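The next block holds one structure in the form of structure tokens; read it before the comments.
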Amino acid sequence: MTATVVALFGVALLGFGIEGAIGFGGTVIAASVGAQLVPLDELLPAFVPVNMLLSAWLLATGVRAVAWRTLAVEVAPMVALGAVAGLALFHVPAKTALALAFGVFVVGLAALQLARPAREEPPTAARAAMLVLGGVAHGLFGTGGPMIVYAVRRRIADKRAFRASLAVLWLSLNVALLVNFASLDLYRRETLDLGAAIALAVVPGLVIGERIHRALDTARFERLVWVGLVVAGGALAARSALAL
């Protein structure tokens, strides 16, 4: 068990470092890599509350930069609508196959942005559909961030505002996940022990992530976001393919 805890600490450190740098990626890294060490129904209930501490810190330090109007008017309603549907479908039999399709889709979109960067925002209807899909995925898999990130990036160009605004979304969505985990009686002694081990990685992960964030100019930050989406979508697809 000790070796597993040490490995899980390393995974959490990687996830928190990435999320501290670009505002997302922690949960999907934990869910894809960490799931090889600990069953997902134990890992996610342990990881999500700790990840909320990181989101709370990013929000507290960047609250003045949050794009509140964009979140409240354009993003939150669509994501909430999708999240409700995703939570309702939490036990759908085809869940793993859906996660695979979602991951492959995200990889394709992000790879296209890397190959042929688009300067224009996607049409309003397309962006709304992506946000709903991201909400559904978050409710289903706990890792719907990649699609939400793709939809939001063009609307919030400033890197600090982007990261802080995503923190608001993750906090809100993860509250719903916690309620769902608790209703399924997923909080046991083993889960709390895992959470304590994961929590040790929060501070060093934040320090690493903050240094990377400050070192990036706008162009490099933009590219790192798309690379992060390729990694996140690929990790989700790989995890799902192995589970099929």
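Where a number appears in this text, it was derived from the coordinates with a stated rule and is not lab data. Being a predicted model, the structure only gives us computed values, none of them experimental. Please note: Cβ atoms are built from the backbone with ideal geometry, for glycine as well, and neighbour counts cover all protein chains shown.
Just in the range 86-139: which trypsin sites (Lys or Arg not before Pro) are loop by DSSP and have at most 13 other Cβ atoms within 10 Å? Before the final figure, lay out each step's value.
On the way: sites: Lys95, Arg119, Arg127; in loops: Arg119.
Of the trypsin sites (Lys or Arg not before Pro), the ones in loops of the range 86-139 whose Cβ has at most 13 other Cβ atoms within 10 Å are Arg119.
Return the ratio Rg/(2.2 N^0.38 Å) for the chain, where Rg is computed over Cα atoms only.
Values: Rg = 16.5 Å, N = 244, 2.2 N^0.38 = 17.8 Å.
Dividing the Cα radius of gyration by 2.2 N^0.38 Å gives 0.93.
Pick from Asp158, Asp185, Asp193 the residue whose mean-square fluctuation is largest in a GNM of the chain, springs joining Cα atoms under 10 Å.
Asp185
Taking Rh as the Kirkwood radius computed over C-alpha pairs, what is the Stokes-Einstein D of the range 99-244 at 4 °C in a medium of viscosity 1.567 mPa s, expressed in µm² per second? The partial results should precede the final answer.
Numbers: Rh = 16.8 Å.
In µm²/s, the coefficient rounds to 77.
Along the Cα-to-C-beta direction of Thr124, a point sits 7 Å from the Cα; which residues of the range 52-72 have their amide N less than 16 Å from that point?
Inside the label zone: 70-72.
May I have the pair-distance distribution P(r) for the range 49-168, computed from all Cα-Cα distances with 5 Å bins from 0 and rounded to whole percent?
All Cα pairs considered, the percentages come to 2, 11, 19, 22, 22, 15, 7, 2, 0.
So what is the calculated 222 nm ellipticity per residue for the chain, using -39500 (n - 2.57) for each DSSP H run with n of 4 or more, over all residues, to the nearest 500 deg cm²/dmol?
Details: 11 runs with 189 residues, N = 244.
After summing the helix terms and dividing by the residues of the chain, the value is -26000 deg cm²/dmol.
Report the full-extension gain for the segment Thr4 to Val227: residue separation times 0.36 nm, less the Cα-Cα distance, to one decimal in nm.
Numbers: separation 223, 0.36 × 223 = 80.28 nm, distance 2.81 nm.
Length difference between fully extended and current span is 77.5 nm.
Could you state the number of Å between the C-alpha centres of the range 206-229 and the range 104-165?
What the calculation gives is 16 Å, centre to centre.
Gain in length, Ala56 to Val92, computed as 0.36 nm per residue apart minus the alpha-carbon separation, to one decimal in nm? Please list the in-between numbers first.
On the way: separation 36, 0.36 × 36 = 12.96 nm, distance 3.12 nm.
So the extension gain works out to 9.8 nm.
No solvent, one uniform scatterer per C-alpha: report log10 I(q)/I(0) for the range 9-85 via the Debye equation at q = 0.12, 0.20 1/Å, two decimals.
-0.42, -0.98
Suppose R0 equals 25 Å. What FRET efficiency, 1/(1 + (r/R0)^6) with r the Cβ-Cβ distance, do Ala243 and Ala199 give to the nearest 0.05? Before the final figure, lay out the partial values.
Details: r = 27 Å, r/R0 = 1.08.
Efficiency computed from Cβ-Cβ geometry: 0.40.
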